[in-house]
Amino acid sequence: MGTAAIGIPLLRRCDSLWEVTGIITAPDRPMGRGKRLKPTPVKEAGLELGIEVYQPSDVNSHESIQWCRERNPEAFVLFAYGQILTNTLLGIPRWALNVHPSLLPRYRGAAPIQRAIMAGENETGISIIQMEPRVDAGGILAQEPLPIDPEDTYGDLAEHVSRAAPYLVEKALTGLKDRSLIPRPQPEQGITSAPRIRKEERIITWEEPVTSIHNRIRALSPTPLAYTWFRHKRLEIVRSQIADLEGSGKPGTLVSESGMLMVQCGVGFLEVLILKPEGKKEMDSQAFVNGYRPSENDILGYKH
């Protein structure tokens, strides 16, 4: 069970080790200007592998439960699917495993990677847990820490998680089958939450310290992207770094030197490396400076 591309390496590994009797993923969604239906990344990968794909709008519906029972699976493996499974559904297989990209019980919820980066953490991890109706609260079967480099984005870290998850799931299922592995209850201490990213969290507040702004940009790249306003239009920032520069100007003030683009923050300066003006493709700071000729009279973050 999965939807996002982060789960594709795990799907392929499961298919190489065992018989995958079916894939459950989200329904196709209308995308782009033409609103053409687009399949999920997991559906596309599953069809390439020749595996049957099922796309219920409600995974806990009677029809969905019947579909799962007919396939008589020994295990469910869930990774970035997007729906919560009820006890009825969880009672079908012998084991039901969930891949969660954090060191549980920290960062339970829908956006663990983004929230860890946003909080300035230098480490996260992967937890393979036995599923239960309470979100991300099941017993731990396997865990592995992952470092967060200072410049890692959400996309960078998701790729690390995607590569490491198949090994951990293989370890967990093998241990369950040979009875060498028993789920370990999660501690009640240290529980933190990782709720979905809200629309308003994408807006950059330049009065914040540069570290907070840089972490927000990293956490929201490559999607949905943090943004500000430049000359009354939206300006999304894809990559940044903390600049070795001091000043006490108005937050949001632009400083352009030798093609580099710096922005005054509440404390410190942010160097913008890659950005995306409204209606345009991504570009580096040099291209932006050459094309838009920003001056210190341009203050980011104010839409009139």
### Query
Inside segment 268-296, can you point out the residues that are assigned to a strand (DSSP E or B) and either at pLDDT below 95 or under 16 Å from LEU235 (Cβ atoms) (or both)?
LEU270, GLU271, VAL272, LEU273, ILE274, LEU275, LYS276, PRO277, MET283, ASP284
### Summary
Counting only residues in segment 237-267 that are in a loop (DSSP other than H, G, I, E, B) and touching a strand residue (DSSP E or B) at 6+ places or on another chain (Cβ under 7 Å), the one nearest to THR153 (Cα to Cα) is identified as CYS265
### Hits in segment 61-82 - residues which are among the polar types (S, T, N, Q) and farther than 22 Å from GLN130 by Cβ
SER61, GLN66
### Message
Can you tell me how many residues within segment 1-58 are surrounded by 19 or more Cβ atoms within 10 Å (Cβ to Cβ) and of a type in the set (Ser, Thr, Tyr)?
### Response
3
### Task
Using the structure shown, decide if LEU89 is of a type in the set (A, V, I, L, M) and in contact with a helix residue (DSSP H, G or I) (Cβ under 9 Å, 6 or more places away or on another chain).
yes
### Query
When you look at SER193, is it at pLDDT 95 or above, at negative phi and crowded, with 21+ Cβ neighbours inside 10 Å, yes or no?
no
### Message
Of all residues being outside any loop (DSSP other than H, G, I, E, B) and out of contact with any Leu (no Cβ under 9 Å at 6 or more places or on another chain) in segment 43-58, which is farthest from LEU89 (Cα to Cα)? Just the residue, please.
### Response
GLU48
### Task
Restrict the check to segment 90-107 and report whether at least one residue is surrounded by 18 or more Cβ atoms within 10 Å (Cβ to Cβ), touching a strand residue (DSSP E or B) at 6+ places or on another chain (Cβ under 6 Å) and farther than 20 Å from LEU11 by Cα.
yes
### Query
Could we say that CYS68 is in a helix (DSSP H, G or I), farther than 23 Å from THR223 by Cβ, in contact (Cβ under 8 Å) with a residue 60 or more places away in the chain and assigned by TED's automatic domain parsing to the domain that holds PRO93 here?
no
### Message
Any residue that is surrounded by fewer than 21 Cβ atoms within 10 Å (Cβ to Cβ), farther than 30 Å from GLU246 by Cβ and among the aliphatic types (A, V, I, L, M) - is there at least one of those in segment 196-215?
### Response
yes
### Task
Looking at (1) of a type in the set (Val, Ile, Thr); (2) farther than 22 Å from GLN114 by Cβ; (3) crowded, with 21+ Cβ neighbours inside 10 Å, find the lone condition where VAL267 falls short.
(3)
## Note on the structure
Exactly one of ILE191, ILE128, ILE217 is outside the structural domain of ALA80 (by TED's automatic domain parsing) and either in contact with a Cys (Cβ under 9 Å, 6 or more places away or on another chain) or closer than 26 Å to PHE76 by Cα (or both), and that residue is ILE191
### Query
Of all residues in segment 93-121, which are part of a loop (DSSP other than H, G, I, E, B) and touching a Gly at 6+ places or on another chain (Cβ under 9 Å)?
PRO101, SER102, LEU103, LEU104, PRO105, ARG106, ALA110
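The values are calculated or read from the model by the stated rules, or taken from the named source; none is laboratory data. Note that the structure is a prediction, hence the values are computed from the model and not measured. We place every Cβ from the backbone using ideal geometry, glycine too, and count neighbours over all the protein chains shown.
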